[in-house]
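Heads up, the thing below is written out as structure tokens.
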Amino acid sequence: MNRYEEELQRNLEAGQHPEGNELDVKAYQSVFNALRKEPEFTLSSSFADKLVGMAVKKQQSKNIFREYFWFGFGIFLMLIAFVVTIAMTGFKLDMGFLNGLNSFKGVIIFGLFFIGFLHWLDKRLIRPTQTN
Amino acid sequence: MMDDRALVSNILEGNMQAFRLLIKQHERLVAHMIGRVVKNKEETEELCQDVFLRVYDKLSEFSFKSKLSTWIATIAYRHAINQIRKNKMLLTDIPEEDSFTNYFVEEVNPESVLMESDLDEFVLKLVDQLPPQYKIVLTLFHLDGMSYPEIGEVTGMPEGTVKSYLFRARNLLKEKVKHHLGKEEVL
């Protein structure tokens, strides 16, 4: 590095008026002034708001992913527990209890229709009055 | 005014007002760095957004070994350099010889020099023609008031290189301005 130039730059950095060739000093001062000038480009006034919105969305999609992951992991664990339980207890599916219901066919059909009827009533009469 | 630690812990707890404050505090720094190397306004704003989203993603990894502004500037610097590579701009150095003043900064047409009324604009046009890493070092030192070690930390350059880049860039600009001023005096 050139000592003379270095000295000029160091003095200007320190905010002192450097000793030297007048044209050199003037040129350096112009350079330093221009370099300190704030650029014309500025970010839009809504920049921070836009970014916060993007970060919130990103966070939400991350959370949704996390929720789905744990949901899937939970189901996976449940299936494992199910398989292990069956293997350990030697459980065998027996549908024999349905034979007992065979003699109550009429009651069961009535029950199904009655529940359907209650749902229909709920939809037609109760829900519309609640929304009004 | 919230200190860096409080600001970071608030953001990590999900406080979006704290994140907004972080953006407001550092948008000038990031815009300076990106704006110096990318001239397209939309592209600059998009890159600044990417920088802050990266900051948001990586904030939990910030270990307070440096100032938050230095860490953010490091991320912005990497983004700027990646963009330069993407745009296939040269990351070349200014040669050591005495004649380096003629190397990167092209000789400006004398007529345009005479037309140039604003000396600041003239200097900034010359700055635009410097290699990107020189522009960033000049920006961090003169506009953002960073010290040599801080600039070294941001750019990954040794402190000596930072000093050398600053010296050479300013010397180069001074020679051009001196030439310009000399011509004005003759007139």
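A count restricted to the stretch B:1-59 and to residues that are in contact with a His (Cβ under 9 Å, 6 or more places away or on another chain) and of a type in the set (Ser, Thr, Tyr) stands at 0. All conditions in (1) part of a helix (DSSP H, G or I); (2) farther than 19 Å from residue B:57 by Cα hold for residue A:61, with the sole exception of (2).
Would you confirm whether or not the stretch B:162-174 contains a residue that is over 23 Å from residue B:34 (Cβ atoms), buried (at least 22 other Cβ atoms within 10 Å of the Cβ) and either away from every other protein chain (no Cβ under 13 Å) or among the charged types (D, E, K, R) (or both)? Scanning the stretch B:162-174 turns up at least one residue that is over 23 Å from residue B:34 (Cβ atoms), buried (at least 22 other Cβ atoms within 10 Å of the Cβ) and either away from every other protein chain (no Cβ under 13 Å) or among the charged types (D, E, K, R) (or both). Would you say residue A:25 is surrounded by 13 or more Cβ atoms within 10 Å (Cβ to Cβ), free of Cβ contacts under 8 Å to residues at least 40 places away in the same chain, of a type in the set (Val, Ile, Thr) and more than 30 Å from residue B:172 (Cα to Cα)? Considered against the rule, which asks whether it is surrounded by 13 or more Cβ atoms within 10 Å (Cβ to Cβ), free of Cβ contacts under 8 Å to residues at least 40 places away in the same chain, of a type in the set (Val, Ile, Thr) and more than 30 Å from residue B:172 (Cα to Cα), residue A:25 comes out as no.
Rundown of residues vs (1) under 30 Å from residue B:121 (Cα atoms); (2) without any contact (Cβ under 8 Å) to a residue 12 or more places away in the chain; (3) loosely packed, with under 10 Cβ neighbours inside 10 Å, yes/no style:
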position	(1), (2), (3)
A:47	yes, yes, no
A:58	no, yes, no
A:76	no, yes, no
A:81	no, yes, no
A:84	no, yes, no
A:88	no, yes, yes
A:118	no, yes, no
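I'd like to verify a number: residues in the stretch B:138-187 that are farther than 22 Å from residue A:4 by Cα, polar (S, T, N, Q) and part of a helix (DSSP H, G or I), how many? Spell out the reasoning first.
Quick first cut of the stretch B:138-187, residues farther than 22 Å from residue A:4 by Cα only: B:139-140, B:143-147, B:149-158, B:183-187.
Those left that are additionally polar (S, T, N, Q): B:139, B:147, B:155.
Applying the additional criterion that residues be part of a helix (DSSP H, G or I) yields B:139, B:155.
Count: 2.
If you go through the stretch B:23-33 and keep only what is hydrophobic (A, V, I, L, M, F, W, C), more than 13 Å from residue A:40 (Cα to Cα) and facing chain A (nearest Cβ under 9 Å), you end up with B:23, B:30. Set side by side, the residues A:83, A:56 differ, and just one is β-branched (Val, Ile, Thr) and closer than 30 Å to residue B:28 by Cα, which is A:56.
No value in this document is a laboratory result; all are computed from the given coordinates. Predicted, not measured: the structure shown is a model, and the values here were computed from it. Note: ideal-geometry Cβ built from the backbone for every residue, glycine included; neighbour counts use all protein chains shown.
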